[in-house]
Amino acid sequence: MSVWRASWIGPAYHPTTDIGVNMFRKSFHLEQMRDRVAIHVSADQRYKLYVNGVMVDFGPQRGDLLHWFYRTVDIAKFLRLGENRIVAVVWNFGRWAPMAQHSARTGFIVQAEDAQDKALDTPGTWEVATLPGWDFDMMHGQLGPFYIDVGPGEKVDGAALPPGWTSGAMEGWTKPNHVAGGEARGTPSGGTPWNLIPSSLPPMLYTPRAQVPRIRRGYANDRGSSPEGPLTEAIQLDEGGNLLLDYGELLCAYPRIRLLGEAGAEVRLTYSESMWTQDGGKGDRSAVEGRKIMGYQDCIRLGRGPIEFEPLWWRTYRYLMIETERPVQVQAVGAIETGYPYRVEAAFESPDPVVAPMFHVSVRTAKRCAGETYFDCPYYEQLQYVGDTRIQVLLHYFLSRDRALPRNSIETMGWSTMENGLTQSRYPSRQPQVIPTFSLYWLLMLHDQLMYDGPEAAPSFVTPEFTRRMLDAYRELQSKPLSEQYWQFGDWIDSWPWGIPPGGANSRMCRALLLFA
């Protein structure tokens, strides 16, 4: 969309307190049902969109401020004759935001696709309120010196959380502040932090997992009382009790848990890829006996009556530990799987019983490392590094005809190109990081795209002059002063300090890459 008539709105703003969860709502009357009622919607940092209490969308797709995505959502089937209400839950992780999450300040924008529905545009009669009882904290239980940059844990106070909050049934609503006019990328005025572009990807999955987890026993500090086996009924945890659930494989999912207990009781959820040995190793991912759990966490304080918790951002885990200091009933535990809607259209067969299952493991790994971008790893970073992404894109070419995510990865990495012609090593990323060899990998990704999809698939900004400038910049790295400016990472070889091959930019590996590119 080239012209925006709607404006960005937000809560009262102060840069030191721009963190938390805000609600936006719009009530309106519908006199006639329609086949299509579409709205363009975006937010900083993230949103979940509800229509008459039903979640219909979440986003936006990750980009940067010069390329801020909006989604177009048809809400017609969720509307009814008479009174309707749209509610958006918009959150800002503030200083704890994932490294891949760019941000200017908390904001929200809606514009109706059809001018006859412009009453839905922001600001109009939209209202805003701060959601009480929902906070963030960096809770990474016992993980020690690991690098984790996927955002904070979430802390929910059931006593403060208003009932029916997703339908907008709460107090404290006020008129929102005007933040900035909506502007499409390329608008010459430069009056907004967000240069809006349409989403380039389909909606991410939001699919309830059918298989129930298994209760596991015998881990270190096991204070459970239920026998091992599938979780098929409510579990009562006694004072100081815990419950370890095993999903059998790594998930990227929104856990959903329903709890009941006395007001003020705290329940802590810990998520982990595997159980850890006492000396900090992983080993067999299915082993539990004598092992402990370490991982990031969420915390739920119970109010009066049952509470159902689902975090705003998804978690990566195979094991979920539920711990409480007071008696609590775990009434239900579910998982809503998410990620890129990866279509696998290829097949692999082998008579070797060892080799054949590796295809399924590989496909599952590819799926877990694909969302709004490709991930180097879904648990620790959720960052799109070129060195990993080239391999992931090649695999995607072999598995599927779908090109949306591969194309998006090439374009977003191109956005990171610096004045000297090099790309950053990972993108989107708030913190710039440059690994010169990764610029060459990105050129190889362009070549892969050319070979598989033809020259018409290349991004419009990729020209012979563009690629030549990047190669010239890399050649300059062979001068010592410039080569010392950047991380000359090659690979995690034990004998290479911090992954840097002997000779740095002048190493045989780097020279071979330049020749290949």
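Do you know which of the residues in segment 8-22 that are in contact with a Gly (Cβ under 7 Å, 6 or more places away or on another chain) and not in a strand (DSSP E or B) is nearest to Ser167 (Cα to Cα)?
The extreme case among them is Ile19.
Could you figure out which of (1) touching a residue at least 40 places away in the same chain (Cβ under 8 Å); (2) in contact with a helix residue (DSSP H, G or I) (Cβ under 9 Å, 6 or more places away or on another chain); (3) part of a helix (DSSP H, G or I) isn't true of Thr417?
(3)
Which residues, counting only those in segment 441-450, are surrounded by 21 or more Cβ atoms within 10 Å (Cβ to Cβ) and either of a type in the set (S, T, N, Q) or farther than 16 Å from Thr412 by Cβ (or both)?
Once the filter is applied, which keeps residues that are surrounded by 21 or more Cβ atoms within 10 Å (Cβ to Cβ) and either of a type in the set (S, T, N, Q) or farther than 16 Å from Thr412 by Cβ (or both), segment 441-450 yields only Gln449.
Among the candidates Met99, Met23, Met33, single out the residue that is over 18 Å from the mean Cα position of the chain (by Cα), surrounded by 15 or more Cβ atoms within 10 Å (Cβ to Cβ) and not assigned by TED's automatic domain parsing to the domain that holds Glu310.
Met23
Hey, any hits in segment 81-98 for a residue that's over 19 Å from Asn22 (Cβ atoms), touching a residue at least 60 places away in the same chain (Cβ under 8 Å) and either charged (D, E, K, R) or not in a loop (DSSP other than H, G, I, E, B) (or both)?
no
Somewhere in segment 23-33, is a residue at pLDDT 95 or above, basic (Lys, Arg) and either closer than 27 Å to Leu405 by Cβ or not in a strand (DSSP E or B) (or both)?
No: zero hits.
Of everything in segment 352-382, what is touching a Ser or Thr at 6+ places or on another chain (Cβ under 6 Å) and modelled with pLDDT of 95 or more? Give them in sequence order.
Result: Tyr374, Pro378, Tyr379.
Filter segment 208-228 down to the residues that are in contact with a strand residue (DSSP E or B) (Cβ under 6 Å, 6 or more places away or on another chain) and exposed (fewer than 13 other Cβ atoms within 10 Å of the Cβ) and list them by number.
Hit for segment 208-228 is Pro208, nothing else.
When both residues are 6+ apart or on different chains and their Cβ atoms are under 7 Å apart, which pairs have a first residue that lies in segment 494-508 and is closer than 16 Å to Arg475 by Cβ, and a second that is assigned to a helix (DSSP H, G or I) and modelled with pLDDT of 85 or more?
Filtered contacts from segment 494-508: Ala505/Pro436.
Quick check: anything in segment 41-51 surrounded by 22 or more Cβ atoms within 10 Å (Cβ to Cβ), part of a loop (DSSP other than H, G, I, E, B) and in contact (Cβ under 8 Å) with a residue 60 or more places away in the chain?
Yes - at least one qualifying residue is present in segment 41-51.
Among the residues in segment 371-386, are any in a helix (DSSP H, G or I) and either of a type in the set (S, T, N, Q) or out of contact with any strand residue (DSSP E or B) (no Cβ under 8 Å at 6 or more places or on another chain) (or both)?
The answer is no, given that none of the residues of segment 371-386 is in a helix (DSSP H, G or I) and either of a type in the set (S, T, N, Q) or out of contact with any strand residue (DSSP E or B) (no Cβ under 8 Å at 6 or more places or on another chain) (or both).
Kindly indicate whether any position in segment 282-297 is touching a residue at least 60 places away in the same chain (Cβ under 8 Å) and within 14 Å of Ile257 (Cβ to Cβ). Let's see the steps before the verdict.
Going residue by residue through segment 282-297, those that are touching a residue at least 60 places away in the same chain (Cβ under 8 Å) are 288-297.
Restricting the remaining residues to those that are within 14 Å of Ile257 (Cβ to Cβ) gives 297.
Yes: one or more hits.
Among the listed residues Ala366, Ala346, Ala335, which satisfies the condition of being among the hydrophobic types (A, V, I, L, M, F, W, C), buried (at least 19 other Cβ atoms within 10 Å of the Cβ), under 26 Å from Pro208 (Cα atoms) and free of Cβ contacts under 8 Å to residues at least 60 places away in the same chain?
The unique qualifying residue is Ala366.
Which one is nearest to Pro162 (Cα to Cα), of the residues in segment 274-303 that are part of a loop (DSSP other than H, G, I, E, B) and among the hydrophobic types (A, V, I, L, M, F, W, C)?
Ranking the qualifying residues of segment 274-303, first place goes to Leu302.
The values are calculated or read from the model by the stated rules, or taken from the named source; none is laboratory data. Because the structure is a prediction, the values reported are computed rather than measured. So basically every Cβ, Gly included, is an ideal-geometry build from the backbone, and we count neighbours across all protein chains shown.
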